[in-house]
Amino acid sequence: ANALVADYDPGLVYRWLCYAEYKLGTGWVPRESPAAWLVSAIRSQDWAIPDWFQTPEEKAAAEKQRQSMTRARLRDREQAEAAERKAAQAQRLAVEQKLGIGDSTRALWQQSLRLLDERAQMGPALLSAFLLPLRGTTATIVTPVKYFARAIAQNSDTIRAALEEAAGRTVQRIVVEHLELEDSAES
């Protein structure tokens, strides 16, 4: 062993030793002793360790790098999702301002949506919808998607009940309208 380390690069000797241990661990039995095989492998110019083989340290380093890359991808994805949410919130706020929706109407709509969600009556059509300020006992809901307007209208009774509970007053009628946004394609 001392002669091998003196005559050959210690890193090369170590890689061959790790490879021999790997092979022995998989059930391989050399014709001669493992030590003799190892000496022959190191001295031979024709033998090569497969490219896929990694020493325990190389495996640990590769795993550490993989985990680091996974964390980086996750962080990037979270940042992208946060940026998308922020942009969507800003876009929604701009539309609300354009429609004259104030804080109290926004809060009433959010509370109504929470009630519908708790009752398992929340539909995806309501996520892009807006509640306009109540006018007497009439609530107007607008949506930029024509198909969603029909879905919302079909569920107006459950929406009305949630609005009444959230507002603490009677809502007799729900009006659903399609809202044509300027920078959107035909929905």
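If I ask for residues that are within 10 Å of Leu132 (Cβ to Cβ) and among the polar types (S, T, N, Q), which ones from the range 93-115 would you list? Talk me through it step by step, then tell me what you get.
Step one: of the range 93-115, the residues within 10 Å of Leu132 (Cβ to Cβ) are 96, 99-101, 105, 109.
Within the range 93-115, Thr105 is the sole residue that qualifies.
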What tally of residues in the range 60-76 results from selecting those that are open to solvent by 70 Å² or more (accessible area, probe 1.4 Å) and hydrophobic (A, V, I, L, M, F, W, C)? 2
Test Ala41 against the stated conditions and say whether it is part of a helix (DSSP H, G or I), closer than 25 Å to Tyr8 by Cα and touching a helix residue (DSSP H, G or I) at 6+ places or on another chain (Cβ under 8 Å). yes
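Please work out which residue is nearest to Val5 (Cα to Cα), limiting yourself to the range 35-59 and to residues that are of a type in the set (Gly, Ala, Ser) and open to solvent by 60 Å² or more (accessible area, probe 1.4 Å).
Within the range 35-59, the first condition is being of a type in the set (Gly, Ala, Ser), and the residues that meet it are 35-36, 40-41, 44, 48.
With the extra rule that they be open to solvent by 60 Å² or more (accessible area, probe 1.4 Å), the set shrinks to 35, 48.
On the way: Ala35: 14, Ala48: 18 Å.
Across the range 35-59, the extreme among qualifying residues is Ala35.
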Do the conditions hold for Glu57, that is, is it assigned to a helix (DSSP H, G or I), closer than 30 Å to Gly11 by Cα and of a type in the set (D, E, K, R)? yes
Is it true that Gln79 is surrounded by 14 or more Cβ atoms within 10 Å (Cβ to Cβ), in a helix (DSSP H, G or I) and at pLDDT 95 or above? no
All conditions in (1) under 22 Å from Ala88 (Cβ atoms); (2) of a type in the set (A, V, I, L, M, F, W, C); (3) out of contact with any Leu (no Cβ under 6 Å at 6 or more places or on another chain) are true of Leu134 except (1)
Residues (surrounded by 13 or more Cβ atoms within 10 Å (Cβ to Cβ) and over 22 Å from Glu58 (Cβ atoms)) located in the range 1-34: Pro30
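The values are calculated or read from the model by the stated rules, or taken from the named source; none is laboratory data. From a predicted model like this one, the values you see are computed outputs, not experimental measurements. Positions of Cβ are backbone-derived with ideal geometry, glycine not excepted, and every protein chain shown enters the neighbour counts. The protein model used for the area step is the full one, side chains on, heavy atoms only, and it has no ligands, DNA or RNA in it. Shrake-Rupley method; radii C 1.70, N 1.55, O 1.52, S 1.80 Å.
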